[in-house]
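A short worksheet on the structure shown next.
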Amino acid sequence: MAKAQEQAVETAPPRQDSPAPGAAAAPVSAPKKDAPEAAEDAPETEFLTLGGKEHDTGIPIPVRPAPAAFDPDDHPPVTVNERYMVYPSQPLHDLSSPSAQAYAAEDKREPGRQLYALVCNPGLPVRTGVMQDMKRKAINGLIPLVDFGSEYWSPFDHTCMFVIFERPLGGRLTEAFGDKPLKVNEYELAKVILEPLAHAIAEMATADIQHRAIRLDNIFFMDRERHILVLGECVTSPPGFDQPSIYEPLERGLAMACGRGKGETRDDLYALGICALFLLLGYNPLGELSDEQMLIAKIEQGTYQAFCANERIPMALIEPLRGLMSDDPLERWPMEALELWISGQKKTPIQRRPIAKPKSTYGFGGYKHKSPRTIALFFAKNVNDAARAVKNGKLEHWVRQSLGDTHLADDINSLALHAKVHEGSPDASDEVLVAKTIMRLDPEGPLRYKGFSCTPDGFGAAMAVEYMRKESFQIPGEIFARDLMGYWFSSQREPNKDYIIIEKTFQNLRALTKINEMGYGLERCLYELNPSLPCLSPLLRSVYVEYVEEMLEALDQVADSVDSRTRPMDKHIAAFIATYFRHDITPHLKAVSDAKDEVSLIGTLSLLALMQWRQQTEPLLGLASWIGGLLGPAINTYHSRKTRRSLEEKIPALVRQGSLPGLFDLIDNGERRMLDNTEFDDARIKFAQAEDEIQTLIGDDVDQEKQALQKGEKATAMIALTVSMVATSVILTVMSM
Amino acid sequence: MNQQQAPAEDMRKRGRANLTWVLLVMTFLAVIAAPTMIVLFFGLLPAMVAYIIDRTPHKSAAITVGSINFIGVFPYVMQLWFDINDVSAAMDIVKDLFALLVMYSAAAFGWLLFLALPTVISSFVVVMHQRKVAQLRGQQKDLIDEWGAEVSQLVEMRRMERQGEHMSHGMSVSD
């Protein structure tokens, strides 16, 4: 069981670092003879290549982990949303996704319905927003999503997201060819492939959904007759995560898989263009190249040229392919252009603009560069040499003299100068210098810093995956601290209105990272940037908390299994609540973060009580009992022992009611606290007065015997005086008679 | 050292002033009531001695001895006032051994009283103090039981302040 979980958690996130099981059987072919040396250091690819029995087509397909069949006695079926049965004993390898394993599913209300379930990897953020959209409205040309929900999956010993889909009875498009070559003619391509898929993309675009997982192996036939073509699922991993980089436009393909971003419909159309090309040719013209070589070819020649320079493309398809595969996002065919072409109308051909060539090449990393973008690609891989090249002015000289871009040369020069002047400061470290230089050299490319690369809209998912893999915010934290994302925005040559909101968001989040309190910091950024990410608190490992309304129930659920000495609050829970709870909880968060144990405890109770009160949650017996057991320090904030005993006696009754507001009212009653404070002040004064009196009687500097004797003497004198007066009066009276 | 000398000097000056007043009043009384003053002077000699030898600020010994001594003297003063009130009658009284014996015996009784009674009273006072302290300690214990040790914060603070003052004073002396 544990092994199965390990497999599940590890397969998807560390794909860049670990070779996939089975990938070794059919690796991508070796680099070409003139391949750059740096390419040899590239991480092992995790993609298989799609091939017929005789010929390798070079079309990459992501590895799909084979789901294991589990003994039904040990792992009984799981019921999702009290309706769909998922059977751990019936894996469906053919329907698995790279980041999710497929199992047979059954609708309890309609037993004959053909369904399957994808069990998502608990170590990856999923796209629940898209799931909701797909569930709410069926999209033609997209595999129908029936339902989704989180349940405990015993093989992983983890709560996972289950997505129920209608089963594509015709299987994958790639399997439909059987032993025949994976090739379609131009007429079939337009009618059978491009038309339905373009309509699907158009309908998704209307619903503001980007698929971001359009690739040849993710296209299915819904019917057995293989007439209804649909796009496969796109919700079990972050956008673009499962895509081989060949399907991604340059600016996203250069980012790490989890940082490619939500993207736009144009990015889906680019992937569609690549699919169309593969189907038209029957193979991948760049299949011989490694990922890095493929990216270099795309940069230096342009995608279309790199793919089609040596291929015979039918006239009718040149324009759509050139339009869909354009590297300039603004020039790339929009949906309307493709629809026009499908309907038979011609569009003005794209003017081919030759890529500017420098007067001389720039040698770095064993490769002679002709483009600043490839230099950026190599700089990201070799920071030390890159920093040296920037500082010694070699790069600036090449940019100025050979590229003729004085503006860029000045920028590089000022970066080098800044690094020299502020040497030793974190803002002028080699990594920051190189990251900023890369952003100047390739402004459209992703932010690249210490091996972390992402587009602005992919930062959230990248941050989430980075945290899930390493349980650390080190690099995203540094990106915020050095304001590298701000630098990325300032490096853009042309203002993009889509970035204005993202830039503003980053500015706000950067301010949040500087607040060192619970509910803020990088955890807050994580949830602000990933609306569908469940709470990653270690306390909530066994449950899946996606909505803030589920938080109290989840804490109640885990109350019996956690160490009762821990608090039901940590940075993740606080940040999750702060992100999604739509009421002002600033004072509560301040109290939760207080250094004093008792104040922090009362703050925690007050926050959770406020949530229960606002959400009108059912009684929370487990959570109330958990918190009730922790209230010792909070009760001790009262001075009066009598009050403390009284509170301790009242707690069990409130715990039995499962009422956090009741507990909070008991512990932090303003009237009671004021009375306690007043009475305590009185008691202190009484104590001091008693002490003063004692000191006057038996103080260290008091000679008791002497004092008593003095008092005796005084008393004797008074007695004598009194006696004298009485006697005098008597004598006077007697003698005057 | 000069600071210590100043109050002693003041007291001495004040004592001299008082003595001047006493002498003035005595002279005045001697002129207008010479017989009474003669009887009082000789009769109250023990009281005067007690006043002189009693160095305590409250002059308890002098008051005790004087009060009882006065009881012995007062009948003779009355005799003077009710019979012949002249100097020779006064001289007769002071020459009367029995009269002197009565006056001085009264003074002696006063001394006895002063020697015996304070010790007895002081024993009572000590016992009463102990009871009072026990009662106050009990009160403090009740307060600590109800409010915890922090109820003694004020006392502790004062103690700390005193210690601080003591330390700084010690340091200034050593300076």
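The values are calculated or read from the model by the stated rules, or taken from the named source; none is laboratory data. All values reported here derive from a predicted model rather than from experimental measurement. Using ideal geometry, Cβ is built from the backbone for each residue, glycine included, and neighbour counts are taken over all protein chains shown.
Restricting attention to segment B:67-102, the residues being of a type in the set (A, V, I, L, M, F, W, C), more than 13 Å from chain A (Cβ to nearest Cβ) and in a helix (DSSP H, G or I) number 11. Taken together, the residues in segment A:670-696 that are facing chain B (nearest Cβ under 9 Å) and touching a His at 6+ places or on another chain (Cβ under 6 Å) amount to 1. Among the residues of segment A:230-241, is any over 24 Å from residue A:457 (Cα atoms) and at pLDDT 90 or above? Yes, segment A:230-241 has at least one match. Selection over segment B:126-164 of residues that are closer than 14 Å to residue A:695 by Cβ, at the interface with chain A (Cβ under 8 Å from one of its Cβ atoms) and not hydrophobic (A, V, I, L, M, F, W, C) gives a count of 6. The listed residues are B:64, B:36, and the only one of them that is more than 14 Å from chain A (Cβ to nearest Cβ), touching a residue at least 12 places away in the same chain (Cβ under 8 Å) and part of a helix (DSSP H, G or I) turns out to be B:36.
Of the residues making up segment A:314-323, just one is farther than 24 Å from residue A:251 by Cα and buried (at least 17 other Cβ atoms within 10 Å of the Cβ), namely A:317. Evaluation of residue A:584 against the conditions (1) in a helix (DSSP H, G or I); (2) under 16 Å from residue A:512 (Cα atoms) shows that the sole unmet condition is (1). Taking segment A:643-664 as the range and being free of Cβ contacts under 8 Å to residues at least 12 places away in the same chain and loosely packed, with under 14 Cβ neighbours inside 10 Å as the test, the residues that pass are A:645, A:649, A:653.
The requirement of being part of a loop (DSSP other than H, G, I, E, B) and either within 25 Å of residue A:128 (Cα to Cα) or assigned by TED's automatic domain parsing to the domain that holds residue A:600 (or both) is fulfilled nowhere in segment A:508-517; no residue meets it. The single residue among A:720, A:715, A:708 that is within 11 Å of chain B (Cβ to nearest Cβ), touching a Gly at 6+ places or on another chain (Cβ under 7 Å) and without any contact (Cβ under 8 Å) to a residue 12 or more places away in the chain turns out to be A:720. Residues of segment A:324-340 that are part of a helix (DSSP H, G or I) and surrounded by fewer than 22 Cβ atoms within 10 Å (Cβ to Cβ): A:335, A:336, A:337, A:339, A:340. Only one entry in A:651, A:698 is closer than 21 Å to residue B:141 by Cα and among the hydrophobic types (A, V, I, L, M, F, W, C), namely A:698.
Condition check ((1) outside any helix (DSSP H, G or I); (2) within 17 Å of the chain's Cα centre (by Cα); (3) at pLDDT 95 or above) across all residues:
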| residue | (1), (2), (3) |
| --- | --- |
| A:432 | no, no, yes |
| A:435 | no, no, yes |
| A:444 | yes, no, no |
| A:448 | yes, no, yes |
| A:459 | no, yes, yes |
| A:466 | no, yes, no |
| A:469 | no, yes, no |
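Restricting A:316, A:306, A:257, A:297 to those that are small (Gly, Ala, Ser), under 26 Å from residue A:141 (Cα atoms) and at pLDDT 90 or above reduces the list to A:257. Can you name the residue in segment B:74-108 that is among the charged types (D, E, K, R) and without any contact (Cβ under 8 Å) to a residue 12 or more places away in the chain and, of all such residues, is surrounded by the most Cβ atoms within 10 Å (Cβ to Cβ)? Checking each candidate, the answer is B:92. Among the criteria (1) surrounded by 13 or more Cβ atoms within 10 Å (Cβ to Cβ); (2) closer than 30 Å to residue A:679 by Cα, the one residue B:145 does not fulfil is (1). Close Cβ contacts (under 7 Å, 6 or more residues apart or on different chains) running from residues in segment A:626-639 that are more than 22 Å from residue A:555 (Cα to Cα) and within 14 Å of chain B (Cβ to nearest Cβ) to residues that are outside any helix (DSSP H, G or I) and among the small types (Gly, Ala, Ser) comprise A:639/B:148.
Can you pull out the residues in segment B:39-60 that are hydrophobic (A, V, I, L, M, F, W, C) and not in a helix (DSSP H, G or I)? B:44, the sole residue that qualifies. Restricting to segment A:502-522, name every residue that is crowded, with 20+ Cβ neighbours inside 10 Å and either over 18 Å from residue A:485 (Cβ atoms) or touching a residue at least 60 places away in the same chain (Cβ under 8 Å) (or both). Within segment A:502-522, A:518, A:519, A:520 qualify. For segment A:595-603, does any single residue satisfy the condition of being among the basic types (Lys, Arg) and part of a helix (DSSP H, G or I)? No, segment A:595-603 contains no residue that is among the basic types (Lys, Arg) and part of a helix (DSSP H, G or I). Picking from residues in segment A:55-67 that are in contact with a Pro (Cβ under 9 Å, 6 or more places away or on another chain) and surrounded by fewer than 18 Cβ atoms within 10 Å (Cβ to Cβ), the one that is modelled with the lowest pLDDT is A:55. None of A:267, A:223, A:242, A:208 is under 20 Å from residue A:125 (Cβ atoms), surrounded by fewer than 19 Cβ atoms within 10 Å (Cβ to Cβ) and charged (D, E, K, R) except A:208. Taking the conditions exactly as written (at pLDDT below 95, at the interface with chain A (Cβ under 9 Å from one of its Cβ atoms), within 26 Å of residue B:48 (Cβ to Cβ) and part of a helix (DSSP H, G or I)), does residue B:114 satisfy them or not? When the stated conditions are applied, residue B:114 passes them. The sole residue among A:205, A:255, A:276, A:297 that is farther than 26 Å from residue A:116 by Cβ, touching a strand residue (DSSP E or B) at 6+ places or on another chain (Cβ under 6 Å) and aliphatic (A, V, I, L, M) is A:255. Take the conditions (1) out of contact with any Phe, Trp or Tyr (no Cβ under 6 Å at 6 or more places or on another chain); (2) within 7 Å of chain B (Cβ to nearest Cβ); (3) not β-branched (Val, Ile, Thr); residue A:699 misses just one of them, which is (2).
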